1. For the structure I just gave you, tell me whether residue 218 is touching a Ser or Thr at 6+ places or on another chain (Cβ under 7 Å) and either in contact (Cβ under 8 Å) with a residue 12 or more places away in the chain or under 17 Å from residue 104 (Cα atoms) (or both).
2. If you scan region 186-223, which residues turn out to be touching a strand residue (DSSP E or B) at 6+ places or on another chain (Cβ under 8 Å) and among the charged types (D, E, K, R)?
3. Can you name the residue in region 75-105 that is on the phi > 0 side of the Ramachandran plot and acidic (Asp, Glu) and is also surrounded by the fewest Cβ atoms within 10 Å (Cβ to Cβ) among such residues?
4. Going by the conditions given, is residue 62 touching a helix residue (DSSP H, G or I) at 6+ places or on another chain (Cβ under 9 Å) and under 26 Å from residue 139 (Cβ atoms)?
5. How many residues does region 43-61 contain that are over 21 Å from residue 183 (Cα atoms) and either of a type in the set (A, V, I, L, M, F, W, C) or in contact with a Gly (Cβ under 8 Å, 6 or more places away or on another chain) (or both)?
6. Just to confirm my filter: which helices (runs of 4 or more DSSP H) fall fully inside region 25-114 and include at least 1 residues that are charged (D, E, K, R) and without any contact (Cβ under 8 Å) to a residue 24 or more places away in the chain?
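Please treat every number below as a calculation from the coordinates, not as lab data. All of these numbers come straight from a predicted model, not from anything done at the bench. Here the Cβ positions follow ideal geometry from the backbone for every residue, glycine too, while neighbour counts run over all protein chains shown.
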Amino acid sequence: MTQDDDVPFDPDLDRFERDGRRPPCQLYLISPPEIGPDFVDQLRAALDSGAVAAFQLRLKGVDEEEIARLAPPLQALCAEREVAFIINDSIALAQRLNADGVHLGQGDGDPKDARRILGPAVQIGVTCHDSRHLAMEAGEAGADYVAFGAFYPTQTKETTHEAAPALLRWWSTLMELPCVAIGGITPDNARPLVDAGADFIAVSGAVWNHPDGPGAGVAAFASVLG
């Protein structure tokens with residue numbers, strides 16, 4: 001891990017134990033593509049229904065000023081529930097909001113620049129698609145975690161890369177850096193990814209589109225992660 005051991009941070013994102021064992025996989029929640037004024041209540045229901053390590057605010061195509069306006073009540077709720085609050089794509093917005101972390105796509109900036117700007121206490125994640133090479137580069141650049149996917153078809157975003165569980169198995173066997181599995185993950189298909197060594201499974205639609213609400217969506221993953 002790249003973080004200074006003297007800098008406190010949500011322990012849920014510091015996944016690698018000193019005795020060499022990886023803790024159980026946890027849930028990494030990603031916002032729906034669009035949110036309304038009642039979304040804070042939906043997020044509260046989700047966070048109160050099961051263990052969630054992190055929440056990423058990901059609003060593609062939305063102006064950063066609007067995201068900055070929408071973020072504070074969500075960020076405050078995450079702080080109350082001790083859930084890491086992650087901003088997608090924008091180093092500048094993560095700095096402006098004093099977010100717990102930033103998640104960078106391949107075209108969203110250099111992890112080295114993010115570290116310099118945001119400091120040692122902020123978690124930096126990098127999308128690495130299905131590439132071992134990109135993941136190793138991200139680790140060398142100072143990322144705190146790497147994200148692989150998509151593992152399954154998803155309607156949340158357009159996917160041009162397909163990853164297999166074997167990638168997670170290879171990474172978790174050889175690398176200390178935590179890995180996140182993303183892409184079309186549901187309670188019904190998550191088990192192979194958990195068994196392969198994912199430290200986190202990133203979910204969106206399976207929670208927000210659950211017929212019984214987001215609380216039920218989070219609770220449905222308990223048997224897979226427990």
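1. Numbers: touching a Ser or Thr at 6+ places or on another chain (Cβ under 7 Å): yes; either in contact (Cβ under 8 Å) with a residue 12 or more places away in the chain or under 17 Å from residue 104 (Cα atoms) (or both): yes.
Taking the combined requirement at face value, the residue satisfies it.
2. Result: 199, single match.
3. 82
4. Working: touching a helix residue (DSSP H, G or I) at 6+ places or on another chain (Cβ under 9 Å): yes; under 26 Å from residue 139 (Cβ atoms): no.
The answer is no for residue 62.
5. The initial filter retains those residues of region 43-61 that are over 21 Å from residue 183 (Cα atoms), namely 44-45, 48-49.
From what's left, either of a type in the set (A, V, I, L, M, F, W, C) or in contact with a Gly (Cβ under 8 Å, 6 or more places away or on another chain) (or both): 45, 48-49.
Going through region 43-61 one residue at a time, the tally reaches 3.
6. Numbers: elements: 39-47, 64-80, 91-97.
Per the criteria, 39-47, 64-80.
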